[in-house]
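Report on the following structure.
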Ligand code: DLL
């Protein structure tokens, strides 16, 4: 199913012609209306008409989160405030948030982009969709909400939390689509089990649209198995628009960009060099149609790779692999680089534990220590494993083999770790405190 079939299946030439036209318009607009960009473009020797081909994109300097912070709150807006009709902010936990604004036209473009991705998962007017993202400054809930309405779904805007009530409504309303973070979906699945609800019999869920945080293959399979639905992923970030940048279709093999609205590049995070298509690195995004807050070459800090091959669904827009991790989530433990997702993968391969875990990093003297707390996935295991150390050792050895790192592993009781209604926080790095 397509929302805008003509553009979603357009030829590469057509997509690139549109990108070039829109890039030129955006560069001219920011040059005229955003002092920071005018300064940057002048420094780079690019005037308001300096873009002749798509290759010229590489001459434009990167934009980073700090730029938005320094221009807090509205210094990078390209339209007068009287044209701004919505303000969101990033979920940053320290200091001032990064603020983003939308005109009426921006909201319409945003919901169209997201509507395409919703339709790509097979969701349509016959569906009832429960939005279990938190409504507020976070872009997740509103981003999905208006797009679901555009597609014709009946929307249940319950927001995050109150998990038993979520399940009651899902059952009573016959909800078919769940929208949340993947970790909240796992929590909902666990609560459903506790309440004795059986997918298929008591719940009619068939598709989950998840996003806002990484979702490993193990996590996806866990949700699909426990909720009896297909779990698709959506990617986005508030600085660039929110959700609606890329998402999976029914094939579940990579996330399609809306390339007529966003140009993706992948760079080497250390040197800033643009990498050949297909290589893994940091995703950089340029928004082509945003009015209130145009953004050029934004460094997302998310690691992925581009997939240029056409998809079986018929969409021609480039895909990206699911995000492998955030650069600033990478931990350096005694000189070894570790992403929490790598630990998660190892834990997923151990039958007796998971899916909830917590990583605590401390420093004793000059030595970094990593402790992994992971739940036994069944309370009866406590009795079966008379020597829990044996299982702890097995996990420790597996981590040493895969990551070359010595960690300490502590098994904790089934369902004893903290659960999350939004984005999960799995790492506590006490070295930074
Ligand atoms: O999380 C936007 C969003 C909401 C996307 C709902 C999809 C669904 P922020 O709060 O600004 O915006 O956080 C953006 O979250 O840079 C990634 O590190 C992470 N992220 C978002 N989606 C995914 C995903 C929203 N599918 C930051 N996989 C991004 C992995 C994701 N990480």
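The values are calculated or read from the model by the stated rules, or taken from the named source; none is laboratory data. Computed from a predicted model, the values in this text were never measured in an experiment. Here the Cβ is made from the backbone with ideal geometry for all residues, glycine too, and neighbour counts use every protein chain on show.
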Can you tell me which residue is farthest from the ligand (Cβ to nearest atom) among those in the range 406-426 that are surrounded by 15 or more Cβ atoms within 10 Å (Cβ to Cβ) and in a strand (DSSP E or B)?
411
Note down all Cβ pairs under 7 Å where the first residue falls in the range 79-98 and is farther than 20 Å from residue 142 by Cα, the second is away from the ligand (no atom under 15 Å from the Cβ) and modelled with pLDDT of 85 or more, and they're at least six residues apart or on different chains.
79/103; 79/291; 79/292; 81/74; 96/72
Out of (1) away from the ligand (no atom under 16 Å from the Cβ); (2) at pLDDT below 95; (3) surrounded by fewer than 19 Cβ atoms within 10 Å (Cβ to Cβ), the one residue 373 does not meet is (2)
Search the range 236-262 for residues that are more than 25 Å from residue 72 (Cα to Cα) and not assigned by TED's automatic domain parsing to the domain that holds residue 123 and pair each with any residue that is modelled with pLDDT of 95 or more and more than 8 Å from the ligand (Cβ to nearest atom) when their beta-carbon atoms are under 8 Å apart and the residues are at least 6 apart or on different chains.
none
Residue 114 passes all but one of the listed conditions (1) more than 24 Å from residue 259 (Cβ to Cβ); (2) assigned to a helix (DSSP H, G or I); the exception is number (1)
Considering residues that are out of contact with any helix residue (DSSP H, G or I) (no Cβ under 7 Å at 6 or more places or on another chain) and in contact (Cβ under 8 Å) with a residue 60 or more places away in the chain, the number found within the range 273-286 is 1
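Residues checked against (1) closer than 19 Å to residue 204 by Cα; (2) within 16 Å of the ligand (Cβ to nearest atom):
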position	(1), (2)
115	no, yes
120	no, yes
146	no, yes
149	no, no
179	yes, yes
185	yes, yes
If I filter the range 289-321 down to residues being more than 30 Å from residue 103 (Cα to Cα) and touching a residue at least 60 places away in the same chain (Cβ under 8 Å), which single residue comes out as farthest from the ligand (Cβ to nearest atom)?
314
Which numbered condition trips up residue 337, out of (1) assigned by TED's automatic domain parsing to the domain that holds residue 260; (2) surrounded by fewer than 19 Cβ atoms within 10 Å (Cβ to Cβ)?
(1)
Go through 101, 140 for me and flag whichever is buried (at least 19 other Cβ atoms within 10 Å of the Cβ) and either under 18 Å from the mean Cα position of the chain (by Cα) or not assigned by TED's automatic domain parsing to the domain that holds residue 285 (or both).
140
Return yes when residue 283 is modelled with pLDDT of 95 or more, surrounded by 22 or more Cβ atoms within 10 Å (Cβ to Cβ), assigned by TED's automatic domain parsing to the domain that holds residue 48 and away from the ligand (no atom under 16 Å from the Cβ) and no when it is not.
no
Which number in (1) out of contact with any strand residue (DSSP E or B) (no Cβ under 6 Å at 6 or more places or on another chain); (2) closer than 25 Å to residue 100 by Cα; (3) within 12 Å of the ligand (Cβ to nearest atom) marks the one condition that residue 216 misses?
(2)
Mind checking whether some residue in the range 91-100 is in a strand (DSSP E or B) and more than 26 Å from residue 6 (Cα to Cα)?
yes
Just the residues that are surrounded by 15 or more Cβ atoms within 10 Å (Cβ to Cβ), within 25 Å of the chain's Cα centre (by Cα) and not in a loop (DSSP other than H, G, I, E, B), please, taken from the range 59-86.
63, 65, 67, 68, 69, 86
Name the pairs: first residue in the range 214-230 and within 17 Å of residue 341 (Cα to Cα), second residue surrounded by fewer than 19 Cβ atoms within 10 Å (Cβ to Cβ), Cβ to Cβ under 6 Å, at least 6 apart or on different chains?
218/348
Hey, any hits in the range 354-363 for a residue that's buried (at least 20 other Cβ atoms within 10 Å of the Cβ) and closer than 14 Å to residue 403 by Cα?
no
Quick check on the range 334-345. Is at least one of its residues within 16 Å of the ligand (Cβ to nearest atom), within 17 Å of the chain's Cα centre (by Cα) and without any contact (Cβ under 8 Å) to a residue 40 or more places away in the chain?
yes
Look through the range 250-270, keep the residues that are farther than 13 Å from residue 318 by Cβ and in contact with a strand residue (DSSP E or B) (Cβ under 7 Å, 6 or more places away or on another chain), and return whichever of them is farthest from the ligand (Cβ to nearest atom).
268
Taking residue 429, is it touching a strand residue (DSSP E or B) at 6+ places or on another chain (Cβ under 6 Å) and exposed (fewer than 12 other Cβ atoms within 10 Å of the Cβ)?
no
